[in-house]
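The structure under discussion appears below in the form of structure tokens.
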There are 2 protein chains.
Amino acid sequence: MTEDARDEVDRLVAAWRAERPDLDVEPLQVLSRVSRLAKHLDRARRAAFAEHDLEPWEFDVLTALRRAGRPYELSPGTLLRATLVTSGTMTNRIDRLAQAGLVRRRPDPEDRRGVLVSLTETGLARVDAAFSDLLRREHNLLSGLGPDDQRLLAALLRTLLAPFDAS
Amino acid sequence: MTEDARDEVDRLVAAWRAERPDLDVEPLQVLSRVSRLAKHLDRARRAAFAEHDLEPWEFDVLTALRRAGRPYELSPGTLLRATLVTSGTMTNRIDRLAQAGLVRRRPDPEDRRGVLVSLTETGLARVDAAFSDLLRREHNLLSGLGPDDQRLLAALLRTLLAPFDAS
DNA sequence: GTGTACTGTCTTGACATCGAGATATCTCTC
DNA sequence: GAGAGATATCTCGATGTCAAGACAGTACAC
């Protein structure tokens, strides 16, 4: 390990080794970095969305609808599974997005328990603008890695995710 | 790309390509996986800590103190920088940890604005137990990758984190 | 058809976080 | 040594989330 490539996690691992030499703290080298990187990504995303007057949670819901393709319409249940939040949270989110004029709610004609949520014109335009902006920023974040390294990294991460996606 | 190695993110990327063929969505292959993996890790950690009657936020604070070494004492300011939360949050956390008997607060003898927070015996025992349990679980999560792949993954992540740690 | 279990959505109350600002103290410059 | 700015911590109000449960409607076995 070269001395000039130390980051916060290297320091954290060194501290643990000094305090708990009995434990194998190697897993932190990978998993702490994943958590920390995710935290930084959240902040970067927040900044990107702010320029489009969107909160991250708004973006989450809008992109799920956008990705679904025309007519950009999904049920709350589908949305909460796509975004990994609870039903109470999703109800609240849809309420506020509807209030903001970004989505619309209508009764499901095929299931009277159900509701269908769809993007408005405004919502569609807003999410498209925010998404391409986000991609531009993410492209920059990855500029430290060449295309081959990016593919390699993606493949390694996919291996780690496999057990979770299975469930 | 082999057909049998698709995960949620591959599906997500495929959906975007269909809807927005004009955009380069490759960055998602890496960064979406980082975010998703972090979310799953949070859940796994929560489960691990529950067996030791600790919340993730409690663990965060206690490990920072534990890592500092004897006498396991740091200022709130140092703690909030280590855990990436705001000062209001840290005050609240310390209040509750003190109430639970896991940490102790005392005035800093060298700076009358300051406070020093230290682990109690109970806090030390609790965090040590939870930490070795966590490492055992994280070791399992990484069992899909050989030692070389783990080192490779750690190195690639370090490269991505570098710009953030610099700031 | 009737009853039972399941599903989809919403309501409610508790809670951890954040952001902005208040207060007290320290530090540095002149 | 006085004043300006920086630093350390805490307070307060707003907010987004979750967990548990309520309620309406559906599906399936018999």
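Results, tabulated for the structure shown:
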| quantity | calculated |
| --- | --- |
| Sole exception among (1) open to solvent by less than 50 Å² (accessible area, probe 1.4 Å); (2) modelled with pLDDT of 95 or more; (3) small (Gly, Ala, Ser) for A:Ala129, by number | (2) |
| The range A:48-62 - residue that is open to solvent by 50 Å² or more (accessible area, probe 1.4 Å) and without any contact (Cβ under 8 Å) to a residue 24 or more places away in the chain and, of those, farthest from B:Ala15 (Cα to Cα) | A:Ala50 |
| Condition check for B:Pro71: touching a strand residue (DSSP E or B) at 6+ places or on another chain (Cβ under 9 Å), within 14 Å of chain A (Cβ to nearest Cβ), open to solvent by 50 Å² or more (accessible area, probe 1.4 Å) and not β-branched (Val, Ile, Thr) | yes |
| Single match in A:Glu26, A:Glu8 (criterion: open to solvent by 50 Å² or more (accessible area, probe 1.4 Å), touching a residue at least 24 places away in the same chain (Cβ under 8 Å) and not assigned by TED's automatic domain parsing to the domain that holds A:Arg113) | A:Glu8 |
| Subset tally (residues that are hydroxyl-bearing (Ser, Thr, Tyr) and either more than 17 Å from A:Arg67 (Cβ to Cβ) or within 10 Å of DNA strand D (Cβ to nearest atom) (or both)) for the range A:106-125 | 1 |
| Criterion: touching a residue at least 12 places away in the same chain (Cβ under 8 Å) and within 15 Å of DNA strand C (Cβ to nearest atom) - qualifying residue of B:Leu102, B:Leu119, B:Leu134, B:Leu124 | B:Leu102 |
| The listed residue being farther than 30 Å from B:Arg158 by Cβ, hydrophobic (A, V, I, L, M, F, W, C) and crowded, with 16+ Cβ neighbours inside 10 Å, out of A:Leu31, A:Leu65 | A:Leu65 |
| Where a residue in the range B:76-94 is within 13 Å of chain A (Cβ to nearest Cβ) and closer than 12 Å to B:Leu65 by Cβ and its partner, wherever it lies, is open to solvent by less than 30 Å² (accessible area, probe 1.4 Å) and more than 8 Å from DNA strand D (Cβ to nearest atom), with Cβ under 7 Å and at least six apart | B:Ala82/B:Ala64; B:Thr83/B:Val61; B:Thr83/B:Ala64 |
| Matching residues in the range B:116-167 - criterion: being more than 10 Å from chain A (Cβ to nearest Cβ) and either among the β-branched types (Val, Ile, Thr) or in a strand (DSSP E or B) (or both) | B:Leu116, B:Val117, B:Ser118, B:Leu119, B:Thr120, B:Thr122, B:Val127 |
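The values are calculated or read from the model by the stated rules, or taken from the named source; none is laboratory data. All figures in this text were calculated on a predicted structure; none of them were measured in a lab. Cβ coordinates were reconstructed from backbone atoms using ideal geometry, including for glycine residues, and neighbour counts include every protein chain displayed. The protein model used for the area step is the full one, side chains on, heavy atoms only, and it has no ligands, DNA or RNA in it. Shrake-Rupley method; radii C 1.70, N 1.55, O 1.52, S 1.80 Å.
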